[in-house]
């Protein structure tokens, strides 16, 4: 069974910001392209077996269960709707960042 994978506007902004930081601030555009490609590949891989990654132990308002997928030094947060066979990417966050703060409204 293939799940549809949707990327939220916040996750898309996270990916753009990640790319800009690596490319412009760290002055490593090749690394930025490669990192983004690795993250996108893993995100698209959630179309098959999206439940294979652990549930995040904390609950965030508005989300019944958030799952977390590590990709290099980043964490991809997502939800799975089994009824609609849909995965929604919520955030892509640097692993060293305060995750609770990232989910604050």
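Rule-based calculations on the coordinates, nothing more; no lab input. In this text, all values refer to a predicted model and were calculated from it rather than measured experimentally. Cβ coordinates were reconstructed from backbone atoms using ideal geometry, including for glycine residues, and neighbour counts include every protein chain displayed.
Residues of the range 49-83 being surrounded by 10 or more Cβ atoms within 10 Å (Cβ to Cβ), in contact (Cβ under 8 Å) with a residue 40 or more places away in the chain and more than 13 Å from the chain's Cα centre (by Cα), which ones?
60
Looking for something over 21 Å from residue 97 (Cβ atoms) and surrounded by 11 or more Cβ atoms within 10 Å (Cβ to Cβ) - is there at least one such residue anywhere in the range 15-31?
Yes, there is a match, as at least one residue in the range 15-31 is over 21 Å from residue 97 (Cβ atoms) and surrounded by 11 or more Cβ atoms within 10 Å (Cβ to Cβ).
Name, by its number, the condition in (1) under 25 Å from residue 1 (Cβ atoms); (2) out of contact with any strand residue (DSSP E or B) (no Cβ under 9 Å at 6 or more places or on another chain) that does not hold for residue 59.
(1)
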